[in-house]
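First the structure, in the form of structure tokens, and then the observations on it.
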Amino acid sequence: VQLVESGGGLVQAGDSLRLSCTLSKRTSVGYHVAWFRQAPGKERDIVAAISSNGESTVYADSVKGRFTISRDSAEDPVYLQMDNLKPEDTAVYYCAAQSRWGLTTTISAYSYWGQGTQVTVSS
């Protein structure tokens, strides 16, 4: 499974961005997908996760009400719509996928990772 992120950039506080994560896979197995982020000098943390069929989602408290994770089906890209961005949202954002476990925010459960995309929010 290969994952490719896109959509990062430099924005001002209060602006919006939409990140995309495209999965390339050779099986019909459905993958749960999560977005993580890592700021300089900090650990990589969960942002949001979505089930393979798109019916279940989970969010970090820090982004609830501002970010929305979505997908139309297991075959479609996963999006992270980020609204009302804050400077503390500045980080490299990674998408990750796994099919072994149920929907989870545990970073060690995710076997496949993208290369990351930089999001910078200026004040």
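The values are calculated or read from the model by the stated rules, or taken from the named source; none is laboratory data. Note that the structure is predicted; figures quoted are calculated from it, not measured. With ideal geometry, Cβ positions are generated from the backbone for all residues, glycine too; neighbour counts draw on all protein chains shown. Note: areas computed on protein heavy atoms with side chains; ligands, DNA, RNA excluded. Shrake-Rupley method; radii C 1.70, N 1.55, O 1.52, S 1.80 Å.
So if I check each of 64, 86, 42, which one is surrounded by fewer than 14 Cβ atoms within 10 Å (Cβ to Cβ) and over 20 Å from residue 113 (Cβ atoms)? Break it down stepwise before answering.
Working: 86 fails: surrounded by fewer than 14 Cβ atoms within 10 Å (Cβ to Cβ); 42 fails: over 20 Å from residue 113 (Cβ atoms).
That would be 64, the only listed residue that is surrounded by fewer than 14 Cβ atoms within 10 Å (Cβ to Cβ) and over 20 Å from residue 113 (Cβ atoms).
Restricting attention to the stretch 67-77, which residues are touching a Pro at 6+ places or on another chain (Cβ under 8 Å) and either in contact (Cβ under 8 Å) with a residue 60 or more places away in the chain or surrounded by fewer than 16 Cβ atoms within 10 Å (Cβ to Cβ) (or both)? Step through it out loud before you land on a result.
The first filter runs over the stretch 67-77 and keeps only residues touching a Pro at 6+ places or on another chain (Cβ under 8 Å), leaving 71.
If the condition is that a residue be touching a Pro at 6+ places or on another chain (Cβ under 8 Å) and either in contact (Cβ under 8 Å) with a residue 60 or more places away in the chain or surrounded by fewer than 16 Cβ atoms within 10 Å (Cβ to Cβ) (or both), then no residue fits.
Can you tell me which residue within the stretch 26-67, out of those that are within 13 Å of residue 103 (Cα to Cα) and assigned to a loop (DSSP other than H, G, I, E, B), is modelled with the lowest pLDDT?
Our first condition is that a residue be within 13 Å of residue 103 (Cα to Cα); within the stretch 26-67, this holds for 30-35, 46, 48-59.
Of the ones still in play, those that are also assigned to a loop (DSSP other than H, G, I, E, B) are 30-31, 51-56.
Values: 30: 87, 31: 94, 51: 95, 52: 93, 53: 92, 54: 93, 55: 95, 56: 97.
My answer is 30.
For the stretch 45-61, which residues satisfy the criterion of being in contact with a strand residue (DSSP E or B) (Cβ under 8 Å, 6 or more places away or on another chain) and either farther than 21 Å from residue 109 by Cα or open to solvent by 60 Å² or more (accessible area, probe 1.4 Å) (or both)? Spell out the reasoning first.
Of the residues in the stretch 45-61, the ones in contact with a strand residue (DSSP E or B) (Cβ under 8 Å, 6 or more places away or on another chain) are 45-52, 54, 56-60.
Result: 45, 57.
Looking at the stretch 6-25, which of its residues are modelled with pLDDT of 95 or more, among the charged types (D, E, K, R) and either open to solvent by less than 50 Å² (accessible area, probe 1.4 Å) or not in a loop (DSSP other than H, G, I, E, B) (or both)?
Correct list: 18 only.
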